[in-house]
Structure formats: structure tokens, C-alpha cells
Amino acid sequence: MMLKIPSSMISIGVMANICVQTLAFTPNLSKPIFQGLGQHNYGDDMTATALFAKIGVIFGTSTGSTETVASLIAEEFGPDAEGPLDIDDLAESSDSLRGAFDKYDALIVGTPTWNTGADTERSGTSWDEIYYGNMQDLNLSGKKVGVFGLGDQISYGENYADASGELHDVFQTLGCQMMGYTSQDGYEHEASKAIRGDLFCGLLCDEVNQDDLTASRVEKWVDQLKQEGILDGASVAIREEIPSSVDVDSVTPEIPSDGMRALEEENAKLRAMLEDNSKLLDRVLKQESDGISIGQADFTPHYNANTKVTMWTSSDGRSCYYSNGSPSSP
Ligand SMILES: Cc1cc2nc3c(=O)[nH]c(=O)nc-3n(C[C@H](O)[C@H](O)[C@H](O)COP(=O)(O)O)c2cc1C
């Protein structure tokens with residue numbers, strides 16, 4: 001039996017797309033957000049349009065431990081993250097590097113530490129070749145970045161995970177918003193170039209001596225990053241996964257009528273949200289054409305001195321946009 005999904009439901013993805021694109025090209029509205037729209041599952045093969053932030057998980061490795069931890073981190077984030085991606089592949093050309101780094105709103109980057117004799121470029125991976133070369137041409141300003149590193153805190157206790165500190169500093173110097181600093185408690189190192197203040201510059205793992213702690217450390221760190229807002233304020237990714245028709249026999253024996261009702265209710269909610277945003281856009285455009293500054297209307301500014309960007313949130317908390325500079329900037 002074929003169940004046709006009403007075209008009005010499919011059009012949600014298209015409407016969202018149009019709305020997002022309209023907003024994206026509106027002056028002063030560079031990053032529209034539809035917060036609160038997540039992924040909606042109605043069965044094995046029916047996933048409604050999902051709007052969510054995107055994180056890229058990127059690692060370097062020599063013997064595989066950093067890749068293992070990168071996979072755990074990507075799994076822990078679930079659909080919000082893509083990867084893990086090997087920096088050896090991305091570093092092959094400046095285009096592939098730029099493509100990968102531009103694609104994501106936030107990055108999780110990881111490295112092992114090798115080559116104790118050197119002060120810099122000691123990851124033993126392609127990170128070393130791009131830090132002071134191709135990476136310097138990337139525009140990463142304001143991107144949220146969390147660093148993780150692998151090392152051996154017993155055999156290399158004086159240099160535990162040193163390369164993570166360099167990874168951190170390169171991204172920070174490029175203007176990234178660094179997050180995910182962690183406590184040194186529970187480690188036995190004597191020194192590390194990955195310490196900033198009293199904290200490690202990110203998540204440090206030790207697959208040689210403390211592999212039993214890795215999974216819980218990853219879980220806790222991903223939670224911490226979410227609390228620090230790694231998923232907030234990201235641009236919108238749209239997945240159009242609603243099939244135009246569903247062969248019910250191939251999905252489940254039958255789609256219960258309350259499943260259809262849930263779809264219809266969700267559809268109505270999404271439509272209302274998009275209409276709200278569309279009205280909001282009209283209002284903002286009118287205010288702009290009337291010469292009224294957005295900041296004087298229903299939006300509250302939140303200035304981030306680190307990124308020098310102001311986030312404006314609507315009074316109902318359902319919409320926001322960004323502008324460069326402080327609220328008082330012309
Ligand atoms: C020759 C050699 C040098 C190393 N140097 C360091 C070091 O300076 N600091 C550190 O914390 N770990 C050091 N390690 C340990 C590695 O960083 C650790 O085994 C890590 O898990 C390797 O990650 P990977 O499998 O992703 O390459 C070294 C290991 C070897 C074999």
C-alpha cells in the first residue's frame with residue numbers, strides 16, 4: 001500500500017529554504033536562526049525536515065588513538081556532528097582544507113603528541129604542515145572550536161599532550177572562540193604545554209594509561225561543550241528527508257493514524273513558526289526602510305567582546321540575527 005504524504009508537508013522544507021535564503025541575503029541579517037526546531041522521527045524511514053547546527057570533527061593521528069577518540073566524540077554529538085575527518089586528507093590541497101573548515105559552524109579538532117625534541121610542529125601529523133602555512137589563509141574568525149589531545153602522561157610526563165597546546169594556540173590566534181577547557185584533576189603528568197591558566201586547553205585523553213576513562217571523559221566533555229553553547233547561534237542546515245511517497249509495507253506493517261496526526265500537528269507548528277519568521281522579516285525590513293534601527297525595535301542586543309559581534313534576540317526568544325560591532329556601532 002502506498003501512503004502519499006501531503007505535498008503541504010513536503011513544502012515545509014522548501015518554505016524553510018526560501019525563508020532562510022531570503023533572510024541570509026537581507027542586509028544586516030547574516031545569520032538567521034530557527035531555534036527549537038530539531039529532528040523529528042516518526043518511524044524508521046520518516047524523518048521530518050531537520051534544522052540543526054553542524055559541527056565538524058577533525059583529527060590527526062599516527063597510530064589510531066586520536067581517531068578512536070574523534071569517533072567517540074562524533075558519536076556523542078549524534079546528528080549535530082559530521083566526521084571524523086582525517087587532517088591528512090583535508091591538508092592535501094588548500095581548497096579541500098578551506099572547504100572543510102568553511103562548511104562547519106563549529107569545529108572539534110584533535111591531535112596526538114610525538115617528537116619530544118621539538119617545541120612546535122610535534123603532532124607527527126599533517127597539522128604540522130598546515131599550522132603556519134595554508135591555515136593562515138583561512139577565515140576562521142568567530143568560529144567555535146574545542147580541542148582534544150592524546151598523549152602518554154607517564155612515559156612523557158614532562159611533555160604530556162604538548163601538541164594540543166599548539167593546536168589550541170593556532171586556532172585561537174586565527175580568532176576562533178575557544179571552548180571546552182578542562183580540569184587537570186585525575187591526571188599524573190608533571191608538566192604540559194597544553195595548560196592554560198589552571199586548566200587544560202581542551203579534553204586530554206591517555207589511551208596508554210587511562211583508556212578506561214576515555215568514554216566517560218568524552219561524554220562529560222561533549223555535555224560541557226553543549227552547555228558552553230557550541231550548538232547555539234549556528235547557521236541552519238536543512239535536510240529534506242521527507243519522501244514524496246512512502247511504501248508503508250516496506251516501512252512498518254501500517255502507519256497508525258495517530259502517527260499521521262502527529263505529522264499533521266508538527267506540520268502546523270512548523271508552518272506557524274515559518275509564518276512568524278516571515279512576518280518578523282517583513283517588520284524588520286519595513287523598520288529598516290523607515291530608517292528605524294533594528295536595535296530600537298523588539299530586539300535585545302548581546303554583545304560578545306571576544307568576537308566583536310552583537311547577537312540580537314527577539315522579545316519572544318524565537319528569532320535572532322547578528323550584526324558586526326557593538327550595538328552602538330553605526
Ligand atoms: C616516539 C614517541 C614519542 C611520543 N611523544 C610524546 C610526548 O611528547 N608527549 C605525550 O604526551 N605523548 C607522547 N607519545 C605518546 C603518544 O602521543 C600516544 O601514544 C598517543 O596515544 C598516540 O596517538 P595516535 O595513535 O593518534 O598517534 C609519544 C609516543 C611515541 C611512540
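Show me 185-191, 161-167 ranked by packing, highest mean number of other Cβ atoms within 10 Å first.
Most protected by this proxy first, the peptides run 161-167, 185-191.
Tell me, what HN-Hα J-couplings in whole Hz come from the Karplus equation 6.51 cos²θ - 1.76 cosθ + 1.60 at θ = phi - 60° for each residue of segment 309-316, using x for Gly and Pro?
The phi angles translate into 10, 9, 9, 9, 10, 6, 5, 8 Hz.
Please give the FRET efficiency for D316 paired with R261, using the beta carbon to beta carbon distance and R0 = 41 Å, rounded to the nearest 0.05.
0.95
If each of S141 and A305 carries a label point 7 Å out from its Cα toward its Cβ, how far apart are those two points in nm?
About 1.9 nm separates the two model spin labels.
Quick one: of K103/K226; K54/K143; K226/K269; K103/K193; K54/K269; K144/K308, which pairs are farther than 21 Å apart, Cα to Cα?
Correct reply: K226/K269; K103/K193; K54/K269.
Along the Cα→Cβ direction, 7 angstrom out, place labels at S93 and R271. What is the inter-label distance in nm?
4.6
Working out 0.36 nm times the residue gap between S155 and S183, then minus their Cα-Cα distance, what length gain in nm do you get to one decimal?
Answer, rounded to one decimal: 8.0 nm.
Would you mind calculating the gained length between S328 and L199 on full extension (0.36 nm times residue separation, minus the Cα-Cα distance), in nm to one decimal?
Taking 0.36 nm per residue and subtracting the Cα distance, the gain is 43.0 nm.
I need the phi-derived Karplus couplings for segment 79-95: 6.51 cos²θ - 1.76 cosθ + 1.60, θ = phi - 60°, integer Hz, Gly and Pro marked x.
x, 6, 10, 10, x, x, 10, 8, 4, 4, 6, 5, 7, 4, 8, 5, 5
Each reported figure results from applying straightforward, stated rules to the coordinates on display, with no laboratory input. Note that this is a predicted model, so its numbers are computed, not measured. FYI the Cβ positions are ideal-geometry reconstructions off the backbone, even for glycines, and counts take in every protein chain you see.
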